[in-house]
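Read through the structure below, which is laid out as structure tokens, and then see the notes.
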Amino acid sequence: MRNEILRFERIRNLRIDHNLSQQKIAELLNVKQNTYSQYEIGVLNYPVDVLIKLAAFYDTSVDYLLGLTDERKPYPRRKN
């Protein structure tokens, strides 16, 4: 039995928690729905720019999305 949380499970769970469709998130990321679906099931690794957009959109950290922490709340971000 696997106990680890895989990277793609976090993005799927966040999307579902926010009652969003794959199509809506795909539009946010400027990718096709099929591409986003492949990110969620782990067929494709999502690129760093997608990771950053998702972390900002869900107001969480990249570390959380990658499974490096279980803390959803992000640390303070740099002002651009």
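Just one of the numbered conditions (1) farther than 22 Å from E71 by Cβ; (2) surrounded by 16 or more Cβ atoms within 10 Å (Cβ to Cβ) is not true of Q33: (2). Restricting to segment 9-60, and then to whatever is in contact with a helix residue (DSSP H, G or I) (Cβ under 6 Å, 6 or more places away or on another chain) and of a type in the set (G, A, S), can you tell me which residue is nearest to R77 (Cα to Cα)? So, considering only residues that are in contact with a helix residue (DSSP H, G or I) (Cβ under 6 Å, 6 or more places away or on another chain) and of a type in the set (G, A, S), the one nearest to R77 (Cα to Cα) is A55.
Residue pairs whose Cβ atoms lie under 7 Å apart, sitting 6 or more positions apart in sequence or on different chains, and linking a residue in segment 21-50 that is without any contact (Cβ under 8 Å) to a residue 40 or more places away in the chain and farther than 14 Å from R10 by Cα to a partner that is of a type in the set (V, I, T) and in a helix (DSSP H, G or I), are A26/T35; L29/V50; L44/T35.
Of the residues making up segment 43-80, those that are among the small types (G, A, S) and more than 16 Å from I25 (Cβ to Cβ) number 2. Take the residues in segment 45-74 that are outside any loop (DSSP other than H, G, I, E, B) and of a type in the set (G, A, S), then tell me which one is surrounded by the fewest Cβ atoms within 10 Å (Cβ to Cβ). The qualifying residue surrounded by the fewest Cβ atoms within 10 Å (Cβ to Cβ) is A56.
Every number here is computed from the coordinates shown, using simple stated rules; none is lab data. This structure is a prediction, so every number in the text was calculated from the model and none was measured. For neighbour counting, all protein chains shown are included, and Cβ atoms are generated from backbone atoms with ideal geometry for every residue, glycine included.
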